[in-house]
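Since the structure comes first, as structure tokens, the remarks are kept for the end.
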Amino acid sequence: MKVSMIGSAVALLLLIPVPAGAGVDAQRLEHLLTQDCGACHGLYLTGGLGPPLTHQALAGQSRDSLIATVTHGRPARAMPGWAPLLSASEIAWLVDRLLQGSPAP
């Protein structure tokens, strides 16, 4: 029962919006977005091994769903989970940046 309650609490914490830029190194995350994400999603995030991450491609996707994907990955689709390397606020910053249509080509 305790494990279930802890799991539920963690899941709820992932749903709490984090203000963009709260305690993150924006320059490092911009680099990660273009270099690391771009390695699979294409130089301009227009698609490659992974699907496009452009503003148009993400239209209609929920922020929470995107955060969950970046956090936990999609192993069946070769998308790694970034939770071991990034904090929740850093992941939220990356998702918010993508939803804003950044980085621009």
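Of the residues making up the stretch 41-57, one or more are in contact with a Ser or Thr (Cβ under 7 Å, 6 or more places away or on another chain) and buried (at least 16 other Cβ atoms within 10 Å of the Cβ). Select from the stretch 86-97 the residues that are within 8 Å of the chain's Cα centre (by Cα) and either within 17 Å of PRO51 (Cα to Cα) or free of Cβ contacts under 8 Å to residues at least 40 places away in the same chain (or both) and list them in ascending order. Of everything in the stretch 86-97, those that are within 8 Å of the chain's Cα centre (by Cα) and either within 17 Å of PRO51 (Cα to Cα) or free of Cβ contacts under 8 Å to residues at least 40 places away in the same chain (or both) turn out to be ILE91, LEU94, VAL95.
Within the stretch 58-85, being in contact with a Ser or Thr (Cβ under 8 Å, 6 or more places away or on another chain) and either in contact (Cβ under 8 Å) with a residue 40 or more places away in the chain or not aromatic (Phe, Trp, Tyr) (or both) holds for MET79, GLY81, ALA83. The test for being within 17 Å of GLN35 (Cβ to Cβ) and at pLDDT below 95 holds for LEU49. Only one of the numbered conditions (1) open to solvent by less than 60 Å² (accessible area, probe 1.4 Å); (2) among the charged types (D, E, K, R); (3) farther than 22 Å from ALA26 by Cα is not met by ASP96, and that is (3).
The values are calculated or read from the model by the stated rules, or taken from the named source; none is laboratory data. Note that the coordinates shown come from a computational prediction; the quantities given were computed from them, not determined experimentally. Please note: Cβ atoms are built from the backbone with ideal geometry, for glycine as well, and neighbour counts cover all protein chains shown. To get the accessible areas, we keep the full protein, side chains included, count just its heavy atoms, and leave off ligands, DNA and RNA. Shrake-Rupley method; radii C 1.70, N 1.55, O 1.52, S 1.80 Å.
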